Amino acid sequence: DATTTLLNTNSFPPNFTFGVATAAYQIEGAWDEDGKGESIWDRFTHEYPHRISDASTADIACNSYHKYKEDVQLIKALGVDYYRFSISWTRILPTGYLNNINEAGIQYYNNLINELIANGIDPVITIYHWDLPQTLQELGGWPNSELVTHYVNFAKIAFENFGDRVKTWITFNEPKQICKLGYGDGSLAPGYKSSGIGDYRCVYTILKSHAEAYHLYHNQFNTDKQGKVGFTMDNFWYEPGSTSRADEAAVERVFEFYLGIFANPIYGTGDFPQIVKDTVGNRSLLQGFETSRLPTFTTEEVARIKGTADFFGLNFYTAVKIGNNEADLSTVSWDSDAGILYWWDPSWPSAASYWLKVVPYGIRKALKKIKDTYGDHPIIITENGYSDHGELDDYDRVNYYLTYLSSILEAIYEDDVKVVGYTAWSLLDNFEWVHGYVSRFGIHAVDFNDPNRPRTPKLSAKIFSEIVSNRTLRSTTVQAPDYANMN
Ligand code: PNW
């Protein structure tokens, strides 16, 4: 019976770690309290409410700015090893610049970090999780390479103030979403539409910013040599739309255009993938541009970026079908450069998020592909999770976690992939960007209608804590009524 088949090796390796994740804008609230400045997400939600499914904002969100001690108790009850959270740039530097360092913002993160450590939980900081200071957007935002300096200034303040207690750092969360959706198709803040040009410039700035922060940390801060700096990319499992050679080639291209564009500079050769350089370069010239729309790294930049990560951060949720679409030259965009179309197989069960289909084998295949392409880096799954509409008996989320964790165990034991950590997204139901509070990813429910924002553990929180304490998957799927009676 498939539902009760246990893997031969269903225990996680001895040093494997578990955590839960959130991001500042999605949970903190207090958007203008104690000196915090305006971010692009504050601006976007306030100015364009119609672009958020429920016209909501994260002005209050989970109110974690005031409720962080309660959050830490939830994390402690889960028994996880670490908590991955992000720091709000404009809480620490309200103007985005060094002219105003907000002690209250630094104090908030010091309090959170100290509370975590007092409860035996390691803090893991994401330096940038999408909330750029609006002032830096006025300079053009990430497509402007001047942002390297400003990002490194911010990272330096974080290393100086928190580096004594924080040993795991993620420079950026999901640069593809930042660039492609923020500056390409304009669906995320700041909502710019400059696909095939501005989005590539954003990629260029982010890679250089990451590399400079990495070197700064290792040259000036990591004195005890205990610290690690990584980079977190989102990636889907890409599956050919048909068995045609053209669709298979499209899958190879999308992997390079969506993941390789970041991973090859940092974990590979130091430069963009050859196929990305060649394709964008050729198309740009044929389209009448003077030079490639893809920025060109100098030899010095390649050397500076190559090898700048101590682990490979992967946010993984789903699979997608890819078809060949070698578009005509009249379209200038990232996807027309990639020459792909994508869709979801109708047989895949869907979460509340339209893009999130339940395809557990995808994570094993993606992990193997990453290892085969970039080598044997330690991989931390920095996010994985499932959205629904907030039900407490969240069997679908439980089964998602069980089947994906099972697939990860196969990657570890059968494909010998060095997966060293697993992070559930998310600790709490929270502000899901343009989907507002409609789709819920939490293993704890939050009542957004109650001013106190009470938290309630879902079934998934209980099951996740059992997995963490046993370090073992007892089964790969559960049936709702049976499992409820197991303990
Ligand atoms: C990630 N997609 O975003 C982010 O890191 C989180 O902040 C977010 O809440 C979480 O995943 C759930 O969405 C993604 O459309 C958003 O493919 C959208 C996609 C992927 C990741």
- Length gained, Lys418-Lys193, 0.36 nm per residue minus C-alpha separation, equals 77.2 nm
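Which percent, to the nearest 5, of DSSP beta bridges fully inside the chain are antiparallel?
Just about 20 percent of them are antiparallel.
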- Item | trypsin sites (Lys or Arg not before Pro) within region 379-465: DSSP coil, no more than 12 neighbouring Cβ in 10 Å | none
- Contact order relative to length of the chain, as percent, for alpha carbon pairs under 8 angstrom and 6 or more apart: 18 percent
- Query: Could the peptides 192-200, 377-385, 302-310 be put in order, highest first, of the mean number of other beta-carbon atoms found within 10 Å of their residues?
  - Reply: 377-385, 192-200, 302-310
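Over region 1-159, what is the relative contact order in whole percent, taking alpha-carbon pairs under 8 Å and six or more residues apart?
27 percent
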- Task: Grab the other residues whose beta carbon is less than 14 angstrom from that of Ile52, score K and R as +1, D and E as -1, and report the net.
- Result: -3
- Please provide three numbers in whole Å: the alpha-carbon extents of region 232-272 along the principal axes, with the largest listed first. 32, 18, 10
- Query: Is the shape of region 128-254 rounded, prolate or oblate, going by the alpha carbon gyration tensor and its root eigenvalues a ≥ b ≥ c, with a/c under 1.5 for rounded and a/b larger than b/c for prolate?
  - Reply: oblate
- Task: Could you tally the net charge around Lys176, taking each other residue with its Cβ under 10 Å from the Cβ of Lys176, Lys/Arg +1 and Asp/Glu -1?
- Result: -2
- Based on Cβ point charges of +1 for Lys and Arg and -1 for Asp and Glu, what charge dipole magnitude is obtained for the chain about its Cα centre, in debye rounded to the nearest 20? 680 debye
- Query: Can you give me the pair-distance distribution of region 423-470, C-alpha pairs, 10 Å bins, whole percents?
  - Reply: 27, 49, 20, 4
- Using the Cα atoms as the points, what is the convex hull volume per residue of region 185-300 in Å³? 154 Å³
- Query: Can you give the net charge of the other residues whose Cβ lies under 15 Å from the Cβ of Asn63, counting K and R as +1 and D and E as -1?
  - Reply: -4
- Message: Sort 120-127, 88-95 by packing, meaning the average of other beta carbons within 10 Å per residue, with the highest value first.
- Response: 88-95, 120-127
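Dipole magnitude of region 302-343 about its Cα centre, charges +1 at Lys/Arg Cβ and -1 at Asp/Glu Cβ only, in debye to the nearest 20?
So the magnitude is around 240 debye.
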- Message: Which of rounded, prolate or oblate describes region 1-141 when judged by the alpha-carbon gyration tensor and an a/c cut-off of 1.5?
- Response: prolate
- Across Lys277/Lys418; Lys156/Lys208; Lys156/Lys225, pairs whose alpha-carbon gap is larger than 22 Å: Lys277/Lys418
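Given charges of +1 on the Cβ of Lys and Arg and -1 on the Cβ of Asp and Glu, with all other atoms neutral, how large is the dipole of region 288-361 about its Cα centre, in debye to the nearest 20?
My answer is approximately 300 debye.
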- Message: Give the list, by residue number, of cysteines in the chain with no other Cys Cβ closer than 4.7 Å, or say none.
- Response: Cys62
- Task: Can you bin the chain into rounded, prolate or oblate? Criterion: square roots of the alpha carbon gyration tensor eigenvalues sorted a ≥ b ≥ c, rounded for a/c under 1.5, prolate for a/b above b/c, oblate for the rest.
- Result: rounded
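Every number in this text was worked out from the coordinates using simple rules, so none of it is lab data. Bear in mind the structure is a predicted one, so any value in this text is a computation, not a measurement. Heads up, the Cβs are rebuilt from the backbone with ideal geometry, glycines too, and the neighbour counts pull from every protein chain shown.
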